[in-house]
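Below is one structure, written out as structure tokens, with a few remarks after it.
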Protein chains: 2
Amino acid sequence: MQNLLSNLKITINEKLYVKDPETSELGLNILKNSILLIDEIGFEAFTFKKLGERIQSNESSIYRYFENKHKLLVYLTSWYWSWMEYRMAFATTNVSNPVEKLEKAIKLVTENIADDNATPHINEGILSRIIVEEFTKTLMTKEVDNENKEGFFLVYKRVINRIIDIIKEVNPNYPFAKSLASNIVEGSLHQHFLKNHLKTITNLSEKECATEFYTDMAKKILL
Amino acid sequence: MQNLLSNLKITINEKLYVKDPETSELGLNILKNSILLIDEIGFEAFTFKKLGERIQSNESSIYRYFENKHKLLVYLTSWYWSWMEYRMAFATTNVSNPVEKLEKAIKLVTENIADDNATPHINEGILSRIIVEEFTKTLMTKEVDNENKEGFFLVYKRVINRIIDIIKEVNPNYPFAKSLASNIVEGSLHQHFLKNHLKTITNLSEKECATEFYTDMAKKILL
DNA sequence: CAAATATAATAGTATTACTATCAAAGTTCA
DNA sequence: TGAACTTTGATAGTAATACTATTATATTTG
């Protein structure tokens, strides 16, 4: 994975940034440390001023890369889903058996993520924690509809569409392929959140992932 | 439902308010109009100042009822889940067949909610929209663990626990009763969100509810 | 070497999320 | 009736946030 991904430049919707952060030292530093800082103090408490202090740079310099912290978060989550899409494409090509393909796809979106060292400036393990704790907040704003039109959530939808296609291959007669796919992806994030914070209403324990639960679900529903 | 509920005083965790809003005109006005205003402009843009202007009262007066807008939102969502719990208890008592009981419970948490006129100061239909758009934000903060210890989310967990119990009645051998229950409740909110904003990744159409999808899911998994 | 570009530093604005104080109005009850 | 208490309103003030604008400085590039 490492070698393949290090050649891959993940492309992000240009409307999400003012200046492409991948093109400079400062930009890469913003990406790297925003992930660490959001993970540490949470997105609400995260500000460009605090990030500036941390990377010994100025608030105003960060504004030259991102209009506001919301767009930075959408950038980071887009990166994550793009990375996920790539891994999914890689894991499912040349798998002829649809059930096996579905199992692999579900595993990818439900498992615990560790840093894969693919990119030095992005720690995928920590980024995945941010996805669990903050991703839905990128959607749940009064600007969703506009931002959706602008294509901010395209990559996320593309990941779900891949799963929808596999579900249809497994069982073309199942009438809720879209809802099942989105339920698995979003539901998995939520189960991870619950295992960390509201442990009494999930079966996942501390270090467990959601793979077993959702694989079982998909198979019972589709087969 | 109407008559029964009008006699019911929904009790909310005392730590959520400074002064019980149900004990005065101003308090009831705060509840009523905060629901309308949050629905209109979204929770991010909602402030006590704007609410004060709307109800022709003063910002400082609202602070005498709620410490901050987050606690007000937790209050409102607690009210909703308490109301839901009551409806669920009512709908499932004296139903001996577990499958039928499960169907009724799933219907309640997945259907579209209309104002039931049970309480003049709370429009349940609009409140349910707030639940869809804002509820997860009450959980996804850096303070979840503390607030969970303080019992802020007890009512929500109680609703899910009722479903867990019914699932166990239906199939005592199913190993993921907790995750299935929390998945249905949270997942249903998410599907409603998707049908409003990201229509391409859900099968629910405009005015449809999530009942059919989740009833089908539960039955295929448990029976 | 000049021009262009990137970053840093500083200052400033409007809004938010409060806290504090004091006055006015209404209510209670002795 | 009138003193005491409660509730609300009005005003002012603070620290932090989320920016924008300007200018200086350093670096790169052609």
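The values are calculated or read from the model by the stated rules, or taken from the named source; none is laboratory data. Small disclaimer: the values here were computed from a predicted structure and weren't measured. For neighbour counting, all protein chains shown are included, and Cβ atoms are generated from backbone atoms with ideal geometry for every residue, glycine included. The accessibility values were calculated without ligands, DNA or RNA, using every heavy atom of the protein model including side chains. Shrake-Rupley method; radii C 1.70, N 1.55, O 1.52, S 1.80 Å.
Can you sort B:Leu36, A:Leu198 by solvent-accessible area, 1.4 Å probe, largest first? List each step's numbers first, then the result.
Values: B:Leu36 45, A:Leu198 0 Å².
Listed by decreasing accessible area, they come as B:Leu36, A:Leu198.
Starting from the Kirkwood Rh over alpha-carbon pairs, what translational D in µm² s⁻¹ does chain A have by Stokes-Einstein at 10 °C and 1.306 mPa s?
On the way: Rh = 18.4 Å.
Translational D for this selection: 86 µm²/s.
Counting only Cα, what are the radius of gyration and maximum Cα-Cα distance Dmax of the range A:53-165, in Å?
When restricted to Cα atoms, the range A:53-165 yields Rg and Dmax of 16.1, 53 Å.
Quick one: accessible surface of A:Lys32, probe radius 1.4 Å, all protein chains present, in square angstrom to the nearest 10.
Accessible surface of A:Lys32 is approximately 100 Å².
Please list A:Leu223, B:Leu26 in order of solvent-accessible area, largest first, computed with a 1.4 Å probe with all protein chains present. Walk me through the intermediate numbers first.
Details: A:Leu223 125, B:Leu26 50 Å².
Accessible-area ranking of A:Leu223, B:Leu26, largest first: A:Leu223, B:Leu26.
Can you put A:Ile122, B:Ile41 in order of accessible area, largest first, using a 1.4 Å probe?
B:Ile41, A:Ile122
Mind listing the label-point distances from B:Lys207 to the same position on all other copies, shortest first, one decimal in nm, points 7 Å along Cα→Cβ?
For B:Lys207, the other copies' label points sit at 5.3 nm, shortest first.
Just the accessible area for B:His121, please: 1.4 Å probe, Å², rounded to the nearest 10?
Counting only protein heavy atoms, B:His121 exposes about 30 Å² to solvent.
Quick one: what does P(r) look like for the protein assembly as shown with 10 Å bins over all Cα pairs, in whole %?
4, 20, 30, 26, 15, 5, 0
Could you work out the relative contact order of the range B:2-222, using alpha carbon pairs under 8 angstrom and six or more residues apart, expressed as a whole percent?
23
Within the set of other residues whose C-beta is less than 10 Å from the C-beta of B:Asp39, count the net charge using Lys and Arg as +1 and Asp and Glu as -1. Show your work: numbers first, answer last.
On the way: positive: B:Arg129; negative: B:Glu40, B:Glu133, B:Glu134.
That works out to -2.
In degrees, nearest 10, range 0 to 90: what is the angle between the Cα axis of helix A:25-41 and the longest Cα principal axis of chain A?
Helix A:25-41 and the main axis of chain A meet at about 70 degrees.
How charged is the neighbourhood of A:Glu208? Take every other residue with its Cβ under 15 Å from the Cβ of A:Glu208, and add Lys/Arg as +1 and Asp/Glu as -1. Working shown, then result.
Values: positive: A:Lys107, A:Lys195, A:Lys199, A:Lys207, B:Lys178; negative: A:Glu111, A:Glu206, A:Glu212, A:Asp216.
In short, +1.
If I fit a long axis through the Cα atoms of helix A:98-110 and take the longest principal axis of the Cα atoms of chain A, what angle between them do I get, 0 to 90°, rounded to 10?
30
In sequence order, what are the phi-derived ³J(HN,Hα) couplings for the range A:68-74 according to the Karplus relation 6.51 cos²θ - 1.76 cosθ + 1.60 with θ = phi - 60°, rounded to whole Hz, with x for glycine and proline?
7, 5, 4, 5, 4, 5, 5
For the range A:25-112, count the residues as N, evaluate 2.2 N^0.38 Å, and divide the Cα radius of gyration by that value, please. Working shown, then result.
Numbers: Rg = 17.4 Å, N = 88, 2.2 N^0.38 = 12.1 Å.
Its radius of gyration relative to the 2.2 N^0.38 Å reference: 1.44.
Per-residue HN-Hα couplings for the range B:43-56, Karplus 6.51 cos²θ - 1.76 cosθ + 1.60 at θ = phi - 60°, whole Hz, x for Gly and Pro?
5, 4, 7, 5, 9, 5, 5, 4, 4, x, 4, 5, 9, 6
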